[in-house]
1. How much length is gained on full extension from Gln93 to Thr115, taking 0.36 nm per residue of separation minus their Cα-Cα distance?
2. Run the simple label-point estimate for Asp123 and Thr82 please: 7 Å along Cα→C-beta, distance reported in nm.
3. Working out 0.36 nm times the residue gap between Glu164 and Ala62, then minus their Cα-Cα distance, what length gain in nm do you get to one decimal?
Amino acid sequence: MAVAVSTLAVLGLSACSSDETDSTTSSAAPPVSATETAPAATAEPAESMDDSGVALATAESALGTIVVDGDGMAVYQFDSDTQGADSSTCTGQCASNWPAVPGSDASELIGITGTVGTITGVDGQPQLTLNGWPLYYFAGDANPGDTAGQGVGGVWWVLSPAGEPITG
């Protein structure tokens with residue numbers, strides 16, 4: 001399983017650092033090995049949420065308190081995005097490996113202290129933002145609490161409840 005996650009992490013890294021996307025990243029990042037993946041969060045979201053749409057909550061993890069969706073899946077921020085901008089820079093294969101968190105319904109927020117909003121994502125649909133950062137999932141995170149995308153390429157980070165990247 002670690003090899004599969006590492007492979008997905010490397011694929012995600014490659015997709016977001018190649019010249020084939022519209023990303024503003026100007027340099028390629030080094031490959032990520034299995035030992036460089038972050039430990040999984042061990043807690044479920046702070047409270048149970050229904051399936052009425054995207055909701056954000058917090059979960060305790062080895063990285064500290066992080067933001068997760070209503071199903072407990074970690075959400076990420078991309079350093080190549082500009083905080084507060086009205087667009088995402090993750091396109092093409094990057095968007096396949098790092099799908100946008102849909103912004104259709106963020107009415108239920110538990111433990112979130114940052115400002116929640118939306119932008120128009122690369123697919124033309126609303127994409128959720130936290131503290132001005134567009135939010136993404138990582139395709140390599142298979143289960144609630146997984147944080148395999150943390151630190152990929154030195155540009156992908158989980159977020160604190162205030163919407164600040166956790167880079168440590």
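1. In short, 5.1 nm is gained.
2. With each label point 7 Å from Cα toward Cβ, the separation is 2.5 nm.
3. This chain segment gains 35.1 nm when fully extended.
Only the coordinates and a few stated rules stand behind these numbers; no lab work does. In this text the structure is predicted, and so the values were computed from the model without any measurement. Glycine gets a Cβ as well: all are built from the backbone with ideal geometry, and neighbour counts include every protein chain shown.
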